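Enquirer: Supplied in structure tokens, the structure appears directly below.
The values are calculated or read from the model by the stated rules, or taken from the named source; none is laboratory data. Not measured: the values here are computed from a predicted model. Virtual Cβ from ideal backbone geometry, glycine too; neighbours counted across all protein chains shown. Quick note on the areas: whole protein, heavy atoms, side chains included, nothing else; ligands and nucleic acids left out. Shrake-Rupley method; radii C 1.70, N 1.55, O 1.52, S 1.80 Å.
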Amino acid sequence: MNITAKMVSELRARTSAGIMDCKQALIKSNGDLEAAIQYLREKGLKATELKSARTASEGLIVSYIHPGNRIGSLVELNCETDFVARTEQFQKLAKDIAMQVAASKPKYVSKADVPESALESEKVILRKQALDEGKPEHIADKIVEGRISKFYSEVCLLEQPYIRDTDKSVRQLIQEGVAQLGENIVVGRFTLYVLAQSE
């Protein structure tokens with residue numbers, strides 16, 4: 001099939017991928033736009049996994065103050081080079097994450113940061129709830145595992161639904177940034193400020 005400039009342009013508009021990547025995706029998918037988008041996503045995820053092992057020691061610290069000046073956040077977002085840190089796209093990503101922290105009030109960056117004691121305490125509570133609902137013990141344990149995912153999506157920044165597009169998580173938002181900017185991107189840490197609270 002003949003891949004036209006218009007097809008490449010449309011795929012670029014929908015994915016922000018490079019011209020050659022778009023052309024290659026369209027060739028691989030025989031001109032099927034949706035299949036080409038899927039191909040680019042999969043390729044991007046594979047590249048993201050490879051980049052995640054690379055050191056991210058540059059980056060930015062950004063702030064977000066919610067209108068009304070009662071909630072604010074500071075976020076350290078790291079990348080591999082100061083060149084990428086200075087790009088508008090990276091700065092926007094950092095700002096979006098700072099806004100996410102202020103809006104959704106996570107307690108931890110990732111699942112790995114949740115203390116074992118907090119996790120065990122939550123499991124005890126969830127198990128008791130399941131048993132109080134009349135669920136048998138072996139079913140209660142399965143329910144706990146399912147509800148722990150919800151717990152993570154509430155308290156872990158990377159697992160939270162992204163506030164501007166709840167169909168994706170903050171982790172997926174960052175992975176998209178990695179695929180587009182070509183560098184490993186990591187949330188170093190964050191601090192949430194709420195007026196008259198010690199959080």
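Enquirer: Would you be able to tell me the number of residues in segment 168-199 that are among the aliphatic types (A, V, I, L, M), closer than 18 Å to L158 by Cα and touching a Phe, Trp or Tyr at 6+ places or on another chain (Cβ under 9 Å)?
Expert: Residues meeting the conditions: 3.
Enquirer: Filter segment 99-118 for residues that are of a type in the set (G, A, S) and either more than 14 Å from the chain's Cα centre (by Cα) or not in a helix (DSSP H, G or I) (or both) and give the result.
Expert: Passing the criteria: A102, A103, S110, A112, S117, A118.
Enquirer: On the basis of being loosely packed, with under 13 Cβ neighbours inside 10 Å and among the aromatic types (F, W, Y), does F90 make the cut?
Expert: In short, no.
Enquirer: Q172 versus (1) surrounded by fewer than 19 Cβ atoms within 10 Å (Cβ to Cβ); (2) part of a strand (DSSP E or B): which is the lone unmet condition?
Expert: Of the numbered conditions (1) surrounded by fewer than 19 Cβ atoms within 10 Å (Cβ to Cβ); (2) part of a strand (DSSP E or B), the odd one out for Q172 is (2).
Enquirer: Continuing with this model, one more query. Of the numbered conditions (1) surrounded by fewer than 20 Cβ atoms within 10 Å (Cβ to Cβ); (2) assigned to a helix (DSSP H, G or I); (3) within 18 Å of the chain's Cα centre (by Cα), K142 satisfies every one except a single condition; which is it?
Expert: (3)
Enquirer: Show me the helices (runs of 4 or more DSSP H) entirely contained within segment 1-98 in which 2 or more residues are modelled with pLDDT of 80 or more and touching a Phe, Trp or Tyr at 6+ places or on another chain (Cβ under 9 Å).
Expert: 19-28
Enquirer: Does segment 105-128 hold any residues that are open to solvent by 40 Å² or more (accessible area, probe 1.4 Å) and either within 19 Å of I61 (Cβ to Cβ) or out of contact with any helix residue (DSSP H, G or I) (no Cβ under 8 Å at 6 or more places or on another chain) (or both), and which are they?
Expert: Scanning segment 105-128 gives K105, Y108, A112, D113, P115, E116, S117, E120, S121, V124, I125, K128.
Enquirer: Another question, then. Being open to solvent by less than 80 Å² (accessible area, probe 1.4 Å), in a helix (DSSP H, G or I) and under 13 Å from S110 (Cβ atoms), is that true of even one residue in segment 176-197?
Expert: no
Enquirer: Right, another one. Which of (1) open to solvent by 40 Å² or more (accessible area, probe 1.4 Å); (2) out of contact with any helix residue (DSSP H, G or I) (no Cβ under 6 Å at 6 or more places or on another chain); (3) under 22 Å from D96 (Cα atoms) does I163 not meet, given it meets every other one?
Expert: Failed condition: (2).
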